[in-house]
1. Taking segment 182-213 on its own, how many of its residues are outside any helix (DSSP H, G or I) and either over 11 Å from ALA152 (Cα atoms) or polar (S, T, N, Q) (or both)?
2. Looking at segment 50-77 only, could you name the residues that are more than 21 Å from VAL224 (Cβ to Cβ) and outside any loop (DSSP other than H, G, I, E, B)?
3. Kindly provide the set of residues from segment 26-52 that are closer than 24 Å to ALA119 by Cβ and either touching a residue at least 60 places away in the same chain (Cβ under 8 Å) or buried (at least 21 other Cβ atoms within 10 Å of the Cβ) (or both), ordered by number.
4. Condition check: at pLDDT 90 or above and not β-branched (Val, Ile, Thr). Does LEU151 satisfy that?
5. What number of residues within segment 134-158 satisfy the criterion of being more than 16 Å from ALA57 (Cβ to Cβ) and either within 14 Å of the chain's Cα centre (by Cα) or of a type in the set (Lys, Arg) (or both)?
6. Name the residues in segment 141-171 that are in a helix (DSSP H, G or I) and in contact with a Cys (Cβ under 7 Å, 6 or more places away or on another chain), would you?
7. Tell me yes or no: at least one residue of segment 109-127 is crowded, with 17+ Cβ neighbours inside 10 Å, out of contact with any His (no Cβ under 7 Å at 6 or more places or on another chain) and assigned to a strand (DSSP E or B).
8. Could you please let me know if MET134 is out of contact with any Pro (no Cβ under 9 Å at 6 or more places or on another chain), outside any loop (DSSP other than H, G, I, E, B) and under 17 Å from THR73 (Cβ atoms)?
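The values are calculated or read from the model by the stated rules, or taken from the named source; none is laboratory data. This one's a predicted model, so the numbers in the text were calculated from it and none came from an experiment. Cβ: placed from backbone, ideal geometry, glycine included. Neighbour counts: every protein chain shown.
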Amino acid sequence: MASIHQSQNMLLAALPSADFELLRPNLQTIDMSRGLVLVSGGDIPKRAYFPHSGVIASCVTLVDGSVIETRITGRDGALGAAVGAGERPSFTSAVVRLGGTASTIDYRSLYACIDRSAALRWQLAKHEAFQQAMADQSIACNTVHDAEARLARRLLRLRKMSDETKLPVTQEVLAEMLGIHRNAVSHVAHIMREASVIRYSRGVVEIVDLEALHRLSCECYDAVTAYRGIVVDD
């Protein structure tokens, strides 16, 4: 029977106990400090990560030094756990955006467990489908929605992933997450603060009015949340 007590990571917690026990002897718990690079672009990854807390961003770095985020991973998923991820160079870098802890496992041990566990294969497949849906929705979002809606959506997602209303994230990091200039984030955040939707100081954004933030968000947050309910939480 699945149990949240077997892991703080929701993907691992959803596994039947017998399947989790296949993984457990090779799982290690690590601290993830903000800014820690788990994988560099071009490197062949050696481990998969299942966050308990915190947020990991997968990023592409352009020639001019711009960093564009392509996906984020939190306690509801895994980084680098897709089959074959450890057999080819990583196109993206993986950087810890919000500090926390994670379970990590080397690929040889992970693949051995995948071979023996249909439940693990199913959970990883569902997670990958959800991550792809988020990436697809983000492309549409970044194309047509304004900075305010996108920032609101990202803050909602970070709150969901961390289960916290106080988010240790700077405006500079939020700008990188959204792929926009820092002054655009500063302008929108100021409007939200004046409307008593958020507060921010010293690298911490606090969500004050969750319902108002939800109203400011674009349709994309609800779309991917609904898709997760169909694909992952079935």
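1. The total comes to 12.
2. THR61, VAL67 - these are the residues of segment 50-77 that are more than 21 Å from VAL224 (Cβ to Cβ) and outside any loop (DSSP other than H, G, I, E, B).
3. Within segment 26-52, ASN26, LEU27, GLN28, THR29, PRO45, ARG47, ALA48, TYR49, PHE50, PRO51 qualify.
4. Yes; evaluated as a whole, the condition is true for this residue.
5. Looking only at that region, the number is 1.
6. CYS141, ALA149, ARG150, ARG153
7. So far as segment 109-127 goes, no, none of its residues is crowded, with 17+ Cβ neighbours inside 10 Å, out of contact with any His (no Cβ under 7 Å at 6 or more places or on another chain) and assigned to a strand (DSSP E or B).
8. yes
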